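The structure appears right after this line, and notes come after that.
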Amino acid sequence: MKKLFISLFIISGLLVLFSNVEAQNRPGNTEIGIILGEPTGISLKFWQSGSTAIDAAVAWSFGRNESVHLHSSYLVHNNLDVDSGTLYFFYGIGARALLRDDPKFGARIPVGLQYIFPSTRLTMFFEVAPTMDLIPSTSFGVNGGIGVRYFL
């Protein structure tokens with residue numbers, strides 16, 4: 001089961017790298033930045049269309065059992081009406097891995113807001129992601145953070 005989950009995680013990452021993207025109200029299709037919270041680390045986002053994207057993070061989890069945290073999620077965005085800039089409400093589903101002495105693998109369901117600042121390449125986001133670890137045993141938790149990314 002572990003090998004299957006890790007294989008799916010790697011395949012989804014490769015699909016991100018080789019997929020076509022379209023721009024809409026954005027200065028680019030690829031974002032890189034930081035996320036602060038649980039976990040804290042490097043955040044990436046790859047827009048697939050005007051309303052869908054895949055995000056990923058390589059981070060450090062400071063929870064009860066410190067670990068390297070990897071996650072990737074497929075996100076759907078709804079454009080919210082604002083006077084200036086672009087504001088999205090997003091939600092999605094993804095996978096996560098906690099790499100430590102006793103690794104854990106599971107699912108995450110991120111929900112959040114992303115604001116793209118007008119006339120810049122900067123974006124700010126906030127997300128909360130309920131988690132459900134499936135391997136080696138079932139457990140529930142919540143991740144969340146705030147971050148800043150730059151469109152490449």
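Figures for the structure shown
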{"item": "Surrounding net charge for residue 123, when Lys and Arg each add one and Asp and Glu each subtract one, Cβ distance under 11 Å", "result": "+3"}
{"item": "Pairwise label distance in nanometres, residue 66 with residue 91, each label 7 Å out on the Cα-Cβ vector", "result": "3.6 nm"}
{"item": "Label-point separation in nm, residue 117 to residue 134, each point 7 Å along Cα→Cβ", "result": "3.9 nm"}
{"item": "Environment charge of residue 45, counting only residues whose C-beta is closer than 9 Å and scoring Lys/Arg +1, Asp/Glu -1", "result": "-1"}
{"item": "Per-residue ³J(HN,Hα) for region 60-70, Karplus 6.51 cos²θ - 1.76 cosθ + 1.60, θ = phi - 60°, Hz, x for Gly and Pro", "result": "10, 8, 9, x, 3, 10, 4, 6, 7, 10, 10"}
{"item": "Residue-span extension gain [residue 124 to residue 76] - 0.36 nm each, minus C-alpha spacing", "result": "15.6 nm"}
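No value in this document is a laboratory result; all are computed from the given coordinates. Only a predicted model underlies this, so the values are computations on that prediction, with no experimental measurement involved. Neighbour counts run over all protein chains shown; Cβ positions are idealised from the backbone, glycine included.
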